[in-house]
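The values are calculated or read from the model by the stated rules, or taken from the named source; none is laboratory data. This one's a predicted model, so the numbers in the text were calculated from it and none came from an experiment. Positions of Cβ are backbone-derived with ideal geometry, glycine not excepted, and every protein chain shown enters the neighbour counts.
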Ligand code: UDX
C-alpha cells in the first residue's frame, strides 16, 4: 500500500502484550500505519522481545517487567496480565515522557495504541494528556462476552455460581455458556473480575476501540459492542492483505516446508498447527501422528518445542510412523503460516482455532478441522462450525480412527463439499473488503484519519 498522505511528522506508539498471538496483529497494524506515513515506536516488555532487525523501519523500546525476571510465570496467564499491568506502568510513563521532551514539530506523538490486555497504557496516556486507543486482538464476540459479564459484575447479579447455573446468556447467542472464555477455576476469579473491570474502564476512556476482525464476519457482535461503549470502533483485519507480509515470529520459521508444498498436488495437504501456547500429552501426539498417517492425505505438521508436555516431541515419534509416512509428511518446529495457508497445495487446516489462525484460514479460503484447547478458542470454533459453517469440530478424546475420518471429511469426502465451497466464498468476501471502497479498506483509512485528528 502506498503512502497515500503526508502525516505531518506524526508518530504512533504501540504497546505490545508479549505473546505471539498478540504481537503478530499489533506489528501488522503498525506496518499498515507506517505505510500510511506514520512513524512508529514499539514499546514492549523485555519478555518475548520481538526481533528489531526484522522491522528496521520501527524504533523499538524495551521496558522492564516481572516475567523476564522470572518473578511471575508466563504460564500463569491471569497472573501475568496483572503483573505486567502493575509493573510496566512507571517504565512506560518514563519512556513516553522522554519522547515528549525530545519531540518537535516534525516528530510528534499522535496517539498511544495499546493491546487491550495492557490497559495500564490508557492511564499513562490520560496522565500525559495523550490520546489512547485500545486494540483487542480477539474476536468481537470475545470483546462482547467480557463487556456483558462486566455489566453483570457492576449490577452485582452475576456471581460465579449464578453463571454456572445458566445455559445461555441472551445477548451472546448463538454461543452457549460452555463456549465462553469464563474460567471455571475459583482460584483466579478475583483476577478475572479485575481484568473485566480494567478492560471495560480503559475502553471507556480510550479514543477508539480497534478490533482485530472483519465487519462482515461479526456484524451483530460489533453492533452490540457499539451499544455498550460510546467509543468509536474500527475493524482492521485482514492486515496482511493490505501491506506486505511481515515476519514477527518469536520462533524461527522453517521455510523448507514451502519447497515440500511445491511438490504436492493442489488442495491435497492438511496443515496442522496448534498455535504458540497449547500443549498435548505423549499419547495425544501419537494418536495425532497415526491419525494423519492413516488418513492417506499429505500433511504438514507443526510440532513446536513445548507442544508435548515434558518431552522433546520429535523423539517420541516411532520409526514405524516415519516409514509409513515417508515423503507424504513434513514436520517442522515452526512454519511461515501465512505463506503456508496461501499455498495452492493446502486444502485444509487442523487448528486449535486461536483467533489469528482462524482469520488467516478464512482469508485463504481454507476449511478447518477445529480442536480448541482453552480461552477464546471454544468461542471461535462455534463461529467457524455453526455460524460461518466452514469447519467441523473434532470432539472427544484424540483418537486415531476419529482423526483419520475427520481429515477425510474435511479434505475429500462429499460430506465436506459444502464446507469447502463456503470457505472459498468467504475468501471472495475478504478480497472484496480490501479493494478500494471495500469495508476493510475504508475502515483502515478512517482509523488513520482519526489517529491524525486527535492531537493537533
Ligand atoms: C493466543 C491464544 O491461544 C488464542 O486463542 C488467542 O486468540 C490469541 O492468543 P495462539 O495460541 O498463538 O494465540 O494462536 P493464534 O491466535 O492463532 O496466533 C498464532 C500466530 O502464530 C498466528 O498469527 C500464526 O500465523 C502464527 N504461527 C503459528 C506461525 O507463524 N507459525 C506456526 O507454525 C504457527
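Any idea which of 154, 171 is surrounded by 15 or more Cβ atoms within 10 Å (Cβ to Cβ), in a helix (DSSP H, G or I), away from the ligand (no atom under 16 Å from the Cβ) and modelled with pLDDT under 90? Give the derivation first.
Values: 154 fails: surrounded by 15 or more Cβ atoms within 10 Å (Cβ to Cβ).
Only one candidate qualifies: 171.
Given the options 444, 368, 424, name the one that is under 20 Å from the mean Cα position of the chain (by Cα) and more than 13 Å from the ligand (Cβ to nearest atom). Quick ask: steps written out before the conclusion?
On the way: 368 fails: more than 13 Å from the ligand (Cβ to nearest atom); 424 fails: under 20 Å from the mean Cα position of the chain (by Cα).
From the options 444, 368, 424, the qualifying one is 444.
Determine which member of the set 266, 232 is farther than 30 Å from residue 215 by Cα, touching a residue at least 40 places away in the same chain (Cβ under 8 Å) and surrounded by fewer than 17 Cβ atoms within 10 Å (Cβ to Cβ). Working first, answer last.
Details: 232 fails: farther than 30 Å from residue 215 by Cα.
One residue alone meets the criteria, 266.
Say we look at the stretch 405-420 and pick out the residues that are exposed (fewer than 13 other Cβ atoms within 10 Å of the Cβ) and part of a helix (DSSP H, G or I); which of these is modelled with the lowest pLDDT?
Of the stretch 405-420, the ones exposed (fewer than 13 other Cβ atoms within 10 Å of the Cβ) are 413-415, 417-418.
Adding the requirement that they be part of a helix (DSSP H, G or I) leaves 414-415, 417-418.
Numbers: 414: 92, 415: 89, 417: 95, 418: 96.
Per the stated criteria, the residue is 415.
Listed residues 31, 41; which is buried (at least 19 other Cβ atoms within 10 Å of the Cβ), under 22 Å from residue 246 (Cα atoms) and within 16 Å of the ligand (Cβ to nearest atom)? Full working, then the answer.
Working: 41 fails: within 16 Å of the ligand (Cβ to nearest atom).
So the residue among 31, 41 that is buried (at least 19 other Cβ atoms within 10 Å of the Cβ), under 22 Å from residue 246 (Cα atoms) and within 16 Å of the ligand (Cβ to nearest atom) is 31.
Quick check: anything in the stretch 83-92 buried (at least 19 other Cβ atoms within 10 Å of the Cβ) and farther than 30 Å from residue 190 by Cα?
No, the stretch 83-92 contains no residue that is buried (at least 19 other Cβ atoms within 10 Å of the Cβ) and farther than 30 Å from residue 190 by Cα.
Is it the case, given these coordinates, that residue 374 is part of a loop (DSSP other than H, G, I, E, B) and out of contact with any strand residue (DSSP E or B) (no Cβ under 8 Å at 6 or more places or on another chain)?
On the way: part of a loop (DSSP other than H, G, I, E, B): yes; out of contact with any strand residue (DSSP E or B) (no Cβ under 8 Å at 6 or more places or on another chain): yes.
For residue 374, the condition - part of a loop (DSSP other than H, G, I, E, B) and out of contact with any strand residue (DSSP E or B) (no Cβ under 8 Å at 6 or more places or on another chain) - is met.
Looking at (1) closer than 22 Å to residue 403 by Cα; (2) surrounded by fewer than 18 Cβ atoms within 10 Å (Cβ to Cβ); (3) near the ligand (Cβ under 10 Å from one of its atoms), can you tell me which one residue 339 breaks?
Evaluating residue 339 over (1) closer than 22 Å to residue 403 by Cα; (2) surrounded by fewer than 18 Cβ atoms within 10 Å (Cβ to Cβ); (3) near the ligand (Cβ under 10 Å from one of its atoms) leaves (1) as the failure.
Mind checking whether some residue in the stretch 421-432 is within 20 Å of residue 243 (Cβ to Cβ) and without any contact (Cβ under 8 Å) to a residue 12 or more places away in the chain? Working first, answer last.
Taking the stretch 421-432 as the starting set, the residues that turn out to be within 20 Å of residue 243 (Cβ to Cβ) are 427, 429-432.
Imposing the further condition that a residue be without any contact (Cβ under 8 Å) to a residue 12 or more places away in the chain reduces the set to 432.
Looking for residues that are within 20 Å of residue 243 (Cβ to Cβ) and without any contact (Cβ under 8 Å) to a residue 12 or more places away in the chain, one finds at least one in the stretch 421-432, hence yes.
Pull up the stretch 378-406, narrow it to residues that are within 16 Å of the ligand (Cβ to nearest atom) and in contact (Cβ under 8 Å) with a residue 60 or more places away in the chain, then point me to the one that is nearest to residue 424 (Cα to Cα).
Looking at the filtered set, the residue picked out is 383.
Read through the list (1) buried (at least 21 other Cβ atoms within 10 Å of the Cβ); (2) over 30 Å from residue 130 (Cα atoms), then give the number of the only condition that residue 284 fails.
Just one mismatch for residue 284, condition (1).
Please determine, by comparing only the residues of the stretch 378-404 that are within 29 Å of residue 283 (Cβ to Cβ) and surrounded by fewer than 17 Cβ atoms within 10 Å (Cβ to Cβ), which one is nearest to the chain's Cα centre (by Cα).
Going residue by residue through the stretch 378-404, those that are within 29 Å of residue 283 (Cβ to Cβ) are 378-382, 384-385, 391-404.
If we keep only those that are surrounded by fewer than 17 Cβ atoms within 10 Å (Cβ to Cβ) as well, we get 395-397, 399, 401-402.
On the way: 395: 23, 396: 25, 397: 26, 399: 28, 401: 31, 402: 28 Å.
Step by step, filter the stretch 378-404, then rank; the result is 395.
Can you tell me which residue in the stretch 343-365 is nearest to residue 403 (Cα to Cα), limited to those that are in a strand (DSSP E or B) and more than 8 Å from the ligand (Cβ to nearest atom)?
Here the residue is 350.
Can residue 133 be described as under 19 Å from residue 85 (Cβ atoms), assigned to a loop (DSSP other than H, G, I, E, B) and either away from the ligand (no atom under 16 Å from the Cβ) or at pLDDT 85 or above (or both)?
Here the answer is no, as residue 133 does not meet what is asked.
Which helices (runs of 4 or more DSSP H) does the stretch 237-342 wholly contain that include 3 or more residues that are modelled with pLDDT of 95 or more and touching a strand residue (DSSP E or B) at 6+ places or on another chain (Cβ under 9 Å)?
On the way: elements: 256-262, 282-295, 319-325, 337-342.
Passing ranges, in order: 256-262, 282-295, 337-342.
Answer with yes or no whether residue 215 is assigned to a loop (DSSP other than H, G, I, E, B), within 15 Å of the ligand (Cβ to nearest atom) and surrounded by 14 or more Cβ atoms within 10 Å (Cβ to Cβ). It would help to see each step written out before you state the result.
Details: assigned to a loop (DSSP other than H, G, I, E, B): yes; within 15 Å of the ligand (Cβ to nearest atom): no; surrounded by 14 or more Cβ atoms within 10 Å (Cβ to Cβ): yes.
In short, no.
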